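Have a look at the structure below before the remarks.
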Amino acid sequence: MIWKRPILLNELNGVCAGSLVGHLDIKLTRHGDDFIEATMPVDTRTRQPFGLLHGGAAAALIETLGSVAAYLCADEKQQVVGLELNVSHMQAVTNGQEVRGVCRPLRIGRRHQVWETRIFNQKDELCYVGRLTTATLSAES
C-alpha cells in the first residue's frame, strides 16, 4: 500500500464541500492499495454551452484526485502543491451522465509525485486522460 495517511472518504469529502470540488459535486467514492476514485456529474455546473463535459471541469476532477492522492502519500509534516497539469480529451461526454475518475501514481518520489487520472463515462469508455505533477514540501520549506 502506498498511502501514508488514513483514507477517510467521508472526512475528505467534508473538507472539500465548501470549495470548487463541492460546487462541482465531485465525490471521492473508492480507494485501494494504489488508486483513488471519484465521480462527477455532467450537468449545468460542469458542461460547456453545447451540452458536453467542459474540459476545465474534467481538469478540476483530475487535479482534485491527484492532489488528494499526493496529500495521502505525504508525511504529516509535509505539504503538497501542484506544479503541472495536462489533460487529453479522448471522447465527448454528454449532459446527464456521470463520469468516474481513477487516479494512480506514475511516480512517488521524495520531492515530486506524478499522478495519472483516467476519466470514464457510464459505459466505461475512456474519455479523458490527465497527469498532475506535484512538489512535496517539508515543514522547513
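The values are calculated or read from the model by the stated rules, or taken from the named source; none is laboratory data. What you see is a predicted model; the values in this text were computed from it and never measured. Virtual Cβ from ideal backbone geometry, glycine too; neighbours counted across all protein chains shown.
Scanning the range 119-141 for residues that are touching a helix residue (DSSP H, G or I) at 6+ places or on another chain (Cβ under 9 Å) and either over 13 Å from Leu83 (Cβ atoms) or modelled with pLDDT under 95 (or both) yields a count of 5.
For the range 5-32: of the residues being among the polar types (S, T, N, Q) and out of contact with any strand residue (DSSP E or B) (no Cβ under 7 Å at 6 or more places or on another chain), which is surrounded by the fewest Cβ atoms within 10 Å (Cβ to Cβ)? Steps first, please.
Looking only at the range 5-32, we keep the residues that are among the polar types (S, T, N, Q), and these are 10, 13, 19, 29.
From what is left, the residues that are out of contact with any strand residue (DSSP E or B) (no Cβ under 7 Å at 6 or more places or on another chain) are 10, 19.
Values: Asn10: 8, Ser19: 11.
Among them, the one singled out is Asn10.
Yes or no: Ala57 under 12 Å from the mean Cα position of the chain (by Cα) and either more than 27 Å from Arg111 (Cβ to Cβ) or modelled with pLDDT under 95 (or both)? Judged against the criteria, Ala57 is a match.
All of (1) over 23 Å from Asn13 (Cβ atoms); (2) surrounded by fewer than 16 Cβ atoms within 10 Å (Cβ to Cβ) hold for Gln79 with one exception: (1). Applying the condition of being assigned to a loop (DSSP other than H, G, I, E, B) and either touching a helix residue (DSSP H, G or I) at 6+ places or on another chain (Cβ under 8 Å) or in contact (Cβ under 8 Å) with a residue 60 or more places away in the chain (or both) to the range 77-92 and asking which residue is farthest from Ala38 (Cα to Cα) yields Lys77.
Taken over the range 105-129, residues that are part of a strand (DSSP E or B) and polar (S, T, N, Q) amount to 2. Each residue in the range 93-104 was checked for being acidic (Asp, Glu) and either in a helix (DSSP H, G or I) or surrounded by 18 or more Cβ atoms within 10 Å (Cβ to Cβ) (or both), and 0 pass. Of all positions in the range 119-141, none carries a residue that is closer than 18 Å to Asp33 by Cα, crowded, with 16+ Cβ neighbours inside 10 Å and touching a residue at least 12 places away in the same chain (Cβ under 8 Å).
I'd like the residue in the range 33-60 that is crowded, with 23+ Cβ neighbours inside 10 Å and in contact (Cβ under 8 Å) with a residue 60 or more places away in the chain and, out of all such residues, is nearest to Met1 (Cα to Cα). Ranking the candidates gives Ile36 first.
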